[in-house]
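A short write-up of the structure that comes next.
The values are calculated or read from the model by the stated rules, or taken from the named source; none is laboratory data. Predicted model, so just to flag it, every value in this text is computed and none were measured. As a convention, Cβ positions derive from the backbone with ideal geometry for all residues, glycine included, and neighbour counts pool all protein chains shown.
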């Protein structure tokens, strides 16, 4: 029976642990400290975790050596800003047969790098082919409730992606494969920025027409940056792009959507995030994506406005008005976007 280690006691890490144990796999969930491990073991008595029923087969430990002994795969379900620190901790436990799966959806602030890039910088090059990324419309609470869902696992080597697919698929979680690691990661990360704006649109009562327009323009903006960074534009019409965007922008279970709504009530970003039990990855991802746009000279008007609301004190209503009143052009045209040239090439080929 394959053994899996999960690094990260986030809601997504815990969710993956529960569903994979229920599938019949041996799963070890690593907690950073013994008190945290003890707290999780007694989750049934903890009001903060009352919605989660831990299977007795789910092993929880604060020992990295115990968690990573003889595992087929290690899943890093950690906040994106802690990915580098966590991969450094486990790097010496890896071998040529260990799959390294990133389940984080964000970009590293400072470097603006994707999680697979961060991982590659911290592990031996001989392990690089085993790096996978997991992304899709996967709201933890629904998956814990055994509601059907689908996701994507991407690796540069299709055979590695299929190994991860077989390992992670469950009766209610359909796992597709992809080899576009760049696109799958960027779709999962950048959609959180758009979800912040969708929350603002809902908070302002702008209606479904405006939110649909915002989401669609947001997807175009994501695709433009993705194409500039080497992603396949078609990836963004799939589960890791459009699928994740719909779920995150539409669901009240989304932390990023919640932050957007709360900003329209006049609450400060600091008060909102301090009151939350989980991480809204869109906040830090906005910084990283905005920096990328500046470096590449790419036009990203939605990201720029969200950045201004989060960090420059711009009122959400003012930002929304400015976005909706922007000069309209061809849908696929933007500064240093490749989308229109791709469209014309296909049209005339």
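Points to keep in mind about this one:
- Residue within region 104-119 that is within 22 Å of residue 37 (Cβ to Cβ), touching a strand residue (DSSP E or B) at 6+ places or on another chain (Cβ under 8 Å) and touching a residue at least 24 places away in the same chain (Cβ under 8 Å) present: yes
- Residue match in region 307-327 (condition: under 20 Å from the mean Cα position of the chain (by Cα), outside the structural domain of residue 80 (by TED's automatic domain parsing) and free of Cβ contacts under 8 Å to residues at least 24 places away in the same chain): yes
- Only one of 275, 254 that is buried (at least 17 other Cβ atoms within 10 Å of the Cβ) and either outside the structural domain of residue 105 (by TED's automatic domain parsing) or touching a residue at least 60 places away in the same chain (Cβ under 8 Å) (or both): 254
- Selection from region 114-131 of residues that are out of contact with any helix residue (DSSP H, G or I) (no Cβ under 6 Å at 6 or more places or on another chain) and within 14 Å of residue 85 (Cβ to Cβ): 121
- Condition check for residue 281: crowded, with 22+ Cβ neighbours inside 10 Å, assigned by TED's automatic domain parsing to the domain that holds residue 327 and within 23 Å of residue 8 (Cβ to Cβ): yes
- Residue match in region 288-299 (condition: modelled with pLDDT under 90, buried (at least 20 other Cβ atoms within 10 Å of the Cβ), in the same structural domain as residue 229 (by TED's automatic domain parsing) and touching a helix residue (DSSP H, G or I) at 6+ places or on another chain (Cβ under 8 Å)): no
- Only listed residue being assigned to a helix (DSSP H, G or I), buried (at least 24 other Cβ atoms within 10 Å of the Cβ) and assigned by TED's automatic domain parsing to the domain that holds residue 18, chosen from 240, 164, 198: 164
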